[in-house]
Structure formats: structure tokens, C-alpha cells
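Colleague: Below you'll find the structure I mean.
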Amino acid sequence: MLKDLSAGFVELKREECIDTIKTRIDKGEDSLKILEDARKAMTAVGDQFQEGNLYLAEMLLAAEIFSEAVEILKPHMNEARPADAVGKIVIATPKGDIHDLGKNIFATLLDGQGFDVFDLGVDVDSSLIVKKVREVKPDLVGFSALITTAFASMKQLTEIFVEENLRDGFKLMVGGGVTNPTLKDHLSADFQTTDAMEGVSYCLKVMKEKGSS
Ligand code: B12
């Protein structure tokens, strides 16, 4: 078992990282704590990449270890899922951005809280997101963003929502490493965060105010 998960990620020790995560689960450790350590490990990978110590392909391999870790942790995070749906949310990483690790964490946590999560994936065309929103009539819509070049497609989307009279039907939230309060205002969004748990709390609050949970 690895003492330092971050070092395992940076050194791309896939098997050791996965074994460590499984062992920690078996020992009864809180799955959210393990997930947070994996997220920190991914940040360490990003730092090494930025310093020129890792190649892009290596960052991709680390991302694969992370995704595998999330899949292993998922059932443990969803053990207390309520039987009835708490609310509906459409989430996506809009056009121009292919990052999805954070979005997947948020989706997993929300699913565990009983939300029906319609996750449209990454690099998603605005038309597809608008179509899904019209079809599902969600309580919330969430955009995930890790690169600034995706801001333009998010802005375009919010304009379409207004033009098509959809915007009043849901709360709009944005999350992900590059998001900040300025972006929230630019998009006239209702909520912004770089912390998935904070996002989940906001969703639960919205549903409580609607009287559904
Ligand atoms: C992993 C990674 C990749 C992987 C992505 C794999 C994948 N499946 O996602 C790969 C290797 C493919 C990749 C590619 C690229 N990447 Co990259 N990548 C990263 C890295 C290292 C980590 C990002 C990450 O996953 N963090 C971990 C997650 C868990 O954190 P998070 O996303 O912030 O999510 C948390 C919260 O924000 C929240 N959250 C996330 N989404 C949402 C949504 C909602 C609604 C809510 C409520 C909450 C929420 O929940 C999470 C848990 O709390 C970062 C560096 C860094 N330190 O951040 C660079 C980084 C994001 N990449 C960057 C870039 C530039 C690229 C590339 C263009 C290539 C390149 N030259 O580096 C391409 C992108 C191409 C494209 N069009 O998108 C830049 C972005 C710079 C910028 N400001 O625009 C960064 C910052 C690296 C850097 N410093 O240069 N990348």
C-alpha cells in the first residue's frame, strides 16, 4: 500500500494506486476522503506537468488512473441513495473543453444524493444541451469548465437559453478549476464553485426551497 497517493499518481504507478484505494476502502475509510486524496494527487500531476516534468501523454495516463479510482469509489459513495428522485439536473462540459474528471465527481456525488443526473459528456455542442434541457425540464443545469477557451460557448448557451425562454425554468451553475465569480456574473449564472461538495449542497438547497426534498 502506498503511503503517498500523490507520489503514486505522479510516478504513474497505476496498479499500486488502485490497490491502495481498494485497501483503504476495505479498511472502512470514508470514500469521500479517499476521493479527495485522489483529487489532490491529480492536482500534483498538473503541477508537475506545468513545471515541465511530465508530458501530456503522462498526464492523460494519470487521468485514466483517476477515472478508474472514481469508478471503484462510486458504489461506496452511493450507498445511501434515496429511492425517490430528489431533482433533475443536466450537466456538461461545453464545446471547446474535453476535461471531465471534476464533472464526473460532481455527477457521482449528486447521483448518490438521489438526483436524476443527465450527463451529456465533454466538448458538447450547444444545440445538444439546449435540446436536452427542453426535453428534460431540469431543476438545475451545470456547466463544467477547465479551460478559458470554453467560456465563449458557455456565454453563447446562456444567450440561447434566454432567447428560447428556457432560462427561467432552472438554476444555472458553473464549476471547475478556471471558474470564478467574474465568470458567474458574465454568464448571469446562479452559482459558481470549484468544490463539488459545495455544488451538491447548493443543489439540495434549491430543491428544499422548491419544496421537493
Ligand atoms: C487532467 C488534465 C488534463 C487531462 C484531462 C483528462 C480528463 N478526462 O479530464 C488531459 C491530459 C486530456 C488534458 C488536456 C488538456 N489540457 Co489539461 N489539465 C489537466 C489537469 C492536470 C487537472 C485537471 C483536473 O482534472 N483536476 C482534478 C479535478 C477533480 O478538479 P476540477 O476539475 O477543478 O473539479 C473539481 C471542482 O472544480 C468541481 N467541479 C468540476 N466541474 C464542476 C461542475 C459543476 C457544475 C460543479 C458544481 C462543480 C464542478 O468538482 C471537482 C471536485 O471538487 C489541469 C491542471 C490543474 N492543476 O488543474 C490541466 C489544465 C486544466 N489543462 C490545461 C490545458 C491547456 C489543456 C490542453 C489544452 C493541453 C495542454 N496544452 O495542456 C488540453 C485540453 C484540450 C481541450 N480542448 O480541452 C490548462 C488550462 C489552462 C487554462 N486556464 O485555460 C491546465 C490548467 C494546465 C495548465 N496549467 O496548463 N488536461
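The values are calculated or read from the model by the stated rules, or taken from the named source; none is laboratory data. Note that the coordinates shown come from a computational prediction; the quantities given were computed from them, not determined experimentally. Here the Cβ positions follow ideal geometry from the backbone for every residue, glycine too, while neighbour counts run over all protein chains shown. Just the protein is used for accessible areas: all its heavy atoms, side chains included, with ligands, DNA and RNA removed. Shrake-Rupley method; radii C 1.70, N 1.55, O 1.52, S 1.80 Å.
Colleague: How much net charge surrounds LEU2 when only the other residues with a Cβ under 9 Å from the Cβ of LEU2 are counted, with Lys and Arg +1 and Asp and Glu -1?
Modeller: -1
Colleague: Mind ranking 63-69, 21-27 by how tightly packed they are, going by the mean number of other C-beta atoms within 10 angstrom, highest first?
Modeller: 63-69, 21-27
Colleague: Is the chain rounded, prolate or oblate when judged by the Cα gyration tensor, a ≥ b ≥ c being the square roots of its eigenvalues, rounded requiring a/c under 1.5 and prolate requiring a/b larger than b/c?
Modeller: Oblate, since a/c reaches 1.5 and b/c is not below a/b.
Colleague: Right, something else. For the chain, what does the helix formula give at 222 nm: sum of -39500 (n - 2.57) over DSSP H segments with n ≥ 4, over the residue count, nearest 500 deg cm²/dmol?
Modeller: Theoretical 222 nm ellipticity from helices: -17500 deg cm²/dmol.
Colleague: Follow-up. What does the charge add up to near GLU164, with Lys and Arg as +1, Asp and Glu as -1, over the other residues with Cβ less than 14 Å from its Cβ?
Modeller: Neighbourhood net charge equals +1.
Colleague: Let me ask something else. Per residue, how much accessible surface does the chain expose to a 1.4 Å probe? Answer in Å², no decimals.
Modeller: Per residue, the chain has 52 Å² of solvent-accessible surface.
Colleague: Is the C-alpha gyration tensor of region 55-180 telling us rounded, prolate or oblate? Criteria: a/c under 1.5 is rounded; beyond that, a/b larger than b/c is prolate, otherwise oblate.
Modeller: oblate
Colleague: Follow-up. If I take every Cα pair under 8 Å that is 6 or more residues apart in region 1-124, average their sequence separation and divide by the length, what percent do I get for the relative contact order?
Modeller: 23
Colleague: As I understand it, the dipole of region 37-140 uses +1 on the Cβ of Lys and Arg and -1 on the Cβ of Asp and Glu, about the Cα centre. Which of GLY102, ALA69, GLY114 lies farthest toward its positive end?
Modeller: Farthest along the dipole direction, towards plus: GLY114.
Colleague: Next question. For a Förster distance of 30 Å, can you work out the FRET efficiency between the beta-carbons of ARG134 and SER188, rounded to the nearest 0.05?
Modeller: For R0 = 30 Å, the calculated efficiency reads 0.95.
Colleague: If I ignore ligands, DNA and RNA and count only protein heavy atoms, how much of MET59 is accessible to a 1.4 Å probe, in Å² to the nearest 10?
Modeller: Roll a 1.4 Å probe over it and MET59 shows about 50 Å².
Colleague: From the residues ILE34, CYS203, THR93, which one has its Cα farthest along the dipole of the chain in the positive direction, the dipole being from +1 and -1 charges on Cβ of Lys/Arg and Asp/Glu about the Cα centre?
Modeller: Working it through, the farthest residue towards the positive pole turns out to be CYS203.
Colleague: While we're here: About the Cα centre of region 19-85, what is the dipole size in debye to 20, counting +1 per Lys and Arg Cβ and -1 per Asp and Glu Cβ, all else neutral?
Modeller: Once rounded to the nearest 20, the dipole reads 140 debye.
Colleague: I'd like to know which of TYR55, PHE143, THR20 lies farthest towards the positive end of the charge dipole of the chain, counting +1 on Cβ of Lys and Arg and -1 on Cβ of Asp and Glu.
Modeller: Result: PHE143.
Colleague: How big is the dipole moment of region 1-159 about its Cα centre under a simple scheme where the beta carbon of each Lys and Arg is +1, that of each Asp and Glu is -1, and everything else is neutral? Debye, nearest 20, please.
Modeller: About 460 debye.
Colleague: If you add up the charges near LYS88, with Lys and Arg at +1 and Asp and Glu at -1, over every other residue whose beta carbon is less than 14 angstrom from its beta carbon, what do you get?
Modeller: So the surrounding residues net to -1.
Colleague: Is the shape of region 130-213 best called rounded, prolate or oblate, per the rule: a/c under 1.5 gives rounded, else a/b larger than b/c gives prolate, else oblate, with a ≥ b ≥ c the square roots of the Cα gyration tensor eigenvalues?
Modeller: Oblate.
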